[in-house]
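Please read the structure below before turning to the comments.
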Amino acid sequence: MKKHSNNYRIYEIQQDLINFLKGEGTYSNRPTNRIDSQIYSHYGQIKTHSDKYIGIIIELENRLYFAPITHDGDKKWLNKRDDTYDFEIVYDKFNKYTGSLLLCKALPLTENLVDFKSLEKIRNTEGEQYANLCNDELHYLNSKDIHDKIQDKMQACIYGKESNCMSLRVNYHLAIENVAEYNALIIEKQNKEIKELEKIIKNNEK
């Protein structure tokens, strides 16, 4: 496994993976016993668009966990934070609430399913304001006390330590199996594309 920096960085995952885990969209025919209703999605209620699905990678015991960050204006996660291991409230440099790190929604992922987003890339694609927000959040999350607390909270979630919000946690064991299945689909699709390309090249050589 690639060694990750001790500092948290911003990553993004694709909605297609979330659709697979939730059994939505083109994956609506997946068996119900393979679906986890606690998988978090950034889609709005009417599902006409999706925000960027961003978060940080937390490395524990040689496994990567992708914990999403939500920028919810209604502060619904903020109201759940008391006496729980499942969230970490995030603040900017002015000590203003910006969102929540959803440890209860962290997904055990593999390297190929996450895309590192540098602040420069975020600035070029999402604008200066959003890049500054991410920079503030990373600065907060990487402060030593908060960083260590996040590691401890994530471990508590994984090992099923009780909290007021533990019912909101994803099924980590099922997620591991589903991610492996999703990766198998990706490989199958890539092999099919390679065969199609080889067929085209062969026909052009005739």
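The values are calculated or read from the model by the stated rules, or taken from the named source; none is laboratory data. Bear in mind that the values here come from a model prediction, so they are computed numbers and not experimental data. Cβ sites come from the backbone with ideal geometry, for glycine too, and all protein chains shown count toward neighbours. Just so you know, the surface numbers come from the protein's heavy atoms only, side chains and all, with ligands and any DNA or RNA stripped out. Shrake-Rupley method; radii C 1.70, N 1.55, O 1.52, S 1.80 Å.
Observations on the structure shown:
- All of (1) open to solvent by less than 40 Å² (accessible area, probe 1.4 Å); (2) within 16 Å of the chain's Cα centre (by Cα); (3) more than 20 Å from Q15 (Cα to Cα) hold for I158 with one exception: (1).
- For the range 111-150, a tally of residues being assigned to a helix (DSSP H, G or I), open to solvent by 40 Å² or more (accessible area, probe 1.4 Å) and either among the β-branched types (V, I, T) or over 14 Å from I10 (Cβ atoms) (or both) returns 9.
- Any hit, the range 98-106, residues being farther than 14 Å from K153 by Cβ and either charged (D, E, K, R) or modelled with pLDDT under 90 (or both): yes
- Looking across K161, K199, one residue alone is in a helix (DSSP H, G or I) and of a type outside the set (G, A, S). It is K199.
- Odd one out for S167 among (1) in contact with a Phe, Trp or Tyr (Cβ under 7 Å, 6 or more places away or on another chain); (2) under 21 Å from I35 (Cβ atoms); (3) open to solvent by 70 Å² or more (accessible area, probe 1.4 Å): (1)
- All of E181, E162 fail the test of being over 15 Å from C104 (Cβ atoms) and not basic (K, R), apart from E181.
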